[in-house]
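A.B. asks: Right, I'll just put the structure down here and ask away after.
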Amino acid sequence: SGAGAVPGAWPGLASIQDPRRAGSGHVCGGTLVTPAWVLTAARCFLRARNVSTWRVVLGASDLSDPGPEAQVRQVRRLREHRELDVALLELERPVECSDFVQLGCVAEGRPGGLGPCYIAGWGSIAGTAQAPREVLQEAPVRLLEPEFCDSGGEAVASPQVCAEHSRGGTQTCQGDSGGPLVCREPGSEQFWIVGVTSWGRGCVFTPTWHFSDWVLLQL
């Protein structure tokens, strides 16, 4: 299972919330890619009636007690990719970067080699349908090709990839669509966003190198 993340360890991670939902209202994860735009999954908005009432929380680890470092913004607009499970949210106004709120770096090409990879979010790290957790969880994972995915019977086709806990057992996707898959560049402290969580028991991701050009065109 996942472990509680140290506050500030994931400064680019966003909680996308619907205020009509109980508790914190957490629906999906996302990643801050500019001070005014958050990258997430399009499936998060399949049943959304009025996205302008939704909010995005950045800089928080515990959604029940975000703390003074957290920044909250309403959503100005939603842009969805026509073919892939990817979306961008424009915030009503830019956030201010700090130790707890920072931009994520999107990998534009398929990396030649990757170091350790990680997932994080407030969803059910164990892959069950239980309610999202209030405290941010993280876990190390390893990447899999589509033919090795355990996706609960749903077909996984290229360009999507999967991940599994590097020690077995952890799967993010329930309640955490839209969150990032990040990997460290070998021999460096640089982390790259290499995927956006889509769906499935086996944690299916849409690789960033299939839509990075689209992201740049929207910003």
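Any read-out appearing in this document is the output of simple, stated calculations on the displayed coordinates, not a laboratory observation. Not measured: the values here are computed from a predicted model. A quick note on method: Cβ atoms are made from the backbone with ideal geometry, for glycine too, and the neighbour counts reach across all protein chains shown.
A.B. asks: Based on the alpha-carbon gyration tensor of region 11-59 and its eigenvalue square roots a ≥ b ≥ c, which shape applies: rounded if a/c is under 1.5, prolate if not and a/b is larger than b/c, or oblate? Write down the numbers at each step before the final one.
C.D. replies: On the way: a/c = 1.92, a/b = 1.43, b/c = 1.34.
Verdict is prolate for region 11-59.
A.B. asks: Let me ask something else. Note down the net charge around Leu78, summing +1 for each Lys or Arg and -1 for each Asp or Glu among other residues with Cβ under 15 Å from its Cβ. Numbers along the way, then the final one.
C.D. replies: Details: positive: Arg43, Arg47, Arg49, Arg55, Arg73, Arg76, Arg77, Arg79, Arg82; negative: Asp18, Glu80, Asp85, Glu90, Glu92.
Charge balance in the 15 Å sphere: +4.
A.B. asks: Sort Leu39, Leu114, Leu91 by Cβ crowding within 10 Å, fewest neighbours at the top.
C.D. replies: Numbers: Leu39 27, Leu114 17, Leu91 23.
Exposure proxy ranking, most exposed first: Leu114, Leu91, Leu39.
A.B. asks: Please compute the net charge surrounding Val27, taking Lys and Arg as +1 and Asp and Glu as -1 over other residues with Cβ under 13 Å from its Cβ. Don't jump to the answer; show the numbers that get you there.
C.D. replies: Working: positive: Arg20, Arg21, Arg43, Arg47, Arg49, Arg55; negative: Asp18, Asp176.
Within the 13 Å Cβ shell, the charges total +4.
A.B. asks: Next up: Local charge sum around Pro11 (other residues, Cβ-Cβ under 10 Å, Lys/Arg +1, Asp/Glu -1)?
C.D. replies: For residues surrounding Pro11, the net value is -2.
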